[in-house]
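What follows is a short report on a single structure.
The values are calculated or read from the model by the stated rules, or taken from the named source; none is laboratory data. Owing to the predicted nature of the structure, the values given are computational and were not obtained by experimental measurement. Note that we place each Cβ from the backbone using ideal geometry, even for glycine, and neighbour counts take in every protein chain shown.
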Amino acid sequence: MRAKSLTFVKVLIFLAVITSNLWAAVPPPPVNQYLGVPDSTFANLVEDDCRFCHNQTPPIEAVDPTYLPDRHHNLLGQSVPFNSAAPYAQPGQPYACLSCHSLGPDPVTGQFVFQMFRDCALCHRQLQGRPTVHHAKPEAQAGQCVICHGSLVNDMADGHYIPSYRPSLVTPWPSNKPNGGPQGQGNCNFCHNTVALPFFNPAPVVDPASGVLVFRNADTHHATGFVLDAAKCVWCHNITPGINNALSIRTCQNCHGVASLHNIQHDDAGDGIIPGQEKPGFGHIGANSDCVGCHGFSTQSLSAPGAGPVTPFLSGISQATAIAGQSPSLTLYGNAFVSRTSAAETPIPCQVRLTDSTGRDVLIDPAQVTPDRLHVQLPGDLAPGNYHLRVLKQDRLSNPLVLAVRPAVVIDAARCRDGLVDVTGSGFGGHDPSPLAGTGIRLRVQAQKDKDKKTRPGDVLMSGEVLSWSDARILARFASCGESLSIESVFGSASAPLARTTSIAVQPAKKTK
């Protein structure tokens, strides 16, 4: 009997060693912050985080598409609200230049000039525990998550599969699972936390791989701002009396469905993803220990229901704008573009999906696909406008970026009479008379020879007064006629020779919408 007990103890020690070695290869919590939105809070955003969404071509439609400098300068004269982020503004007073900009001495001239800045966080500071505006848009309030996050999550009302059967021993818990592993395996916050369970520590920690300041699972979800609406607490918390606590995972699955969770994997080696044959700690289906991390037992099957395509993730694009009528080649940067079900299988094909403002989709087969880059040539018949650009792999969609297709700036005719210039064409856009706006028209005039006629100075550019400006016609007054003209518009630039004429109809063309 004693021998059997000793044998049993040896088996336990052997299993403990096996389990210890298994998890020694896994990066300790927090999990690597490579995919989707980091396990951080909005109070810790830096400049690059802001500009990923708030840019001249915003990557998500929930963001105001107005060019940021224009969006701020358009506030001039408006009343300052109580919660304004402007550092020097007084609530109730009108916005002025000095509401945001400070004056300081130029180090070279000593003259006082505006101190220029481009760091959003200098004014827009999100304090810990304060409400955030990042989920105040109607889309977020309606539980439409995919529009910003891609297929890493689910929309609440899209009809995705949520199990209704009784939770078993291997069903994950958000936290505090009674039969979880010794470090907290079987709980969501085993990986999505600041330190390994059960050593609870609410203090944020820095992920050494990415530098992201990581918070515990509860903080990241409460920081979304949904807690400000008591009716939305049930989105995450099961408050129905008499229901087993294990069912609380079912409320998590309102946004984190089985298929979305079982298709999350980072390509750590950059050689494509094969579920079950990746390094542990880089996703949900890379290795057996990833399964254990969620389900809480030392062995698991890798036939995860709903697993397959692996959700792609977009991190950047070689150019965010294109000109209508042209067919440029773009490079998309990201992760999980290449995945297969086994080493012998061919990679699951993916496409680029462009969606216009009416919801119409254009699917493009890429010219080349690598694990972290995708090369695609745009069709030349795209109409001007903003397009959502995503990578589609079977039914799995990446997060969106925006491709802005600008109208081509075309000059059909340019004429001049006694300094009155008439330009017709298309794609001129609108005109802002501000000297910093970047729109305008100039003439190129050939300079005269100097007195000794031995040298010839180069051509000079002459500015004039814009009389009218529409998308199809520009009228401007100059001191004299030049040889050619150049136009700088919001959509680009164009040049053309200037012809002399004997008559110009001063009545401008009607503005185009």
**Asked** So how many residues does the range 268-281 have that are closer than 27 Å to Ser175 by Cα and buried (at least 24 other Cβ atoms within 10 Å of the Cβ)?
**Response** 1
**Message:** Among the residues that make up the range 157-174, is at least one of them surrounded by fewer than 20 Cβ atoms within 10 Å (Cβ to Cβ) and either not assigned by TED's automatic domain parsing to the domain that holds Val206 or not in a loop (DSSP other than H, G, I, E, B) (or both)?
**Reply:** no
**Asked** Could you list, in sequence order, the residues of the range 288-319 that are part of a loop (DSSP other than H, G, I, E, B), of a type in the set (S, T, N, Q), at pLDDT below 90 and over 30 Å from Phe491 (Cα atoms)?
**Response** Ser298, Thr299, Gln300, Ser301, Ser303
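Given the options Pro182, Pro105, name the one that is outside the structural domain of His284 (by TED's automatic domain parsing) and not β-branched (Val, Ile, Thr). Explain how you work it out, then say what you get.
Values: Pro182 fails: outside the structural domain of His284 (by TED's automatic domain parsing).
It is Pro105.
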**Request:** Evaluate the following for Ser164: is it within 20 Å of Ala307 (Cα to Cα) and among the polar types (S, T, N, Q)?
**Result:** yes
**Item:** Residues (modelled with pLDDT under 80 and aliphatic (A, V, I, L, M)) located in the range 90-108
**Value:** Leu103, Val108
**Fill in**
Given the conditions (1) within 23 Å of Val63 (Cβ to Cβ); (2) surrounded by 12 or more Cβ atoms within 10 Å (Cβ to Cβ), every one holds for Gly359 apart from (2)
**Asked** Does at least one position in the range 322-337 carry a residue that is under 20 Å from the mean Cα position of the chain (by Cα), under 18 Å from Asn263 (Cβ atoms) and of a type in the set (Phe, Trp, Tyr)?
**Response** yes
**Message:** Please determine whether any residue of the range 385-401 is among the β-branched types (Val, Ile, Thr) and surrounded by fewer than 18 Cβ atoms within 10 Å (Cβ to Cβ).
**Reply:** no
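Which ones in the range 142-161 are touching an Asp or Glu at 6+ places or on another chain (Cβ under 9 Å) and either touching a residue at least 60 places away in the same chain (Cβ under 8 Å) or of a type in the set (Gly, Ala, Ser) (or both)? First the steps, then the outcome.
From the range 142-161, those touching an Asp or Glu at 6+ places or on another chain (Cβ under 9 Å) are 142-148, 151; that's our starting set.
Within the range 142-161, Ala142, Gly143, Cys145, Val146, Ile147, Cys148, Ser151 meet the criteria.
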**Prompt:** Scanning the range 191-212 for residues that are surrounded by 15 or more Cβ atoms within 10 Å (Cβ to Cβ) and over 27 Å from the mean Cα position of the chain (by Cα), which turns out nearest to Arg250 (Cα to Cα)?
**Reply:** Leu197
**Request:** Have a look at Gly77, Gly36 and point out the one that is modelled with pLDDT of 70 or more, on the phi > 0 side of the Ramachandran plot and over 27 Å from the mean Cα position of the chain (by Cα).
**Result:** Gly77
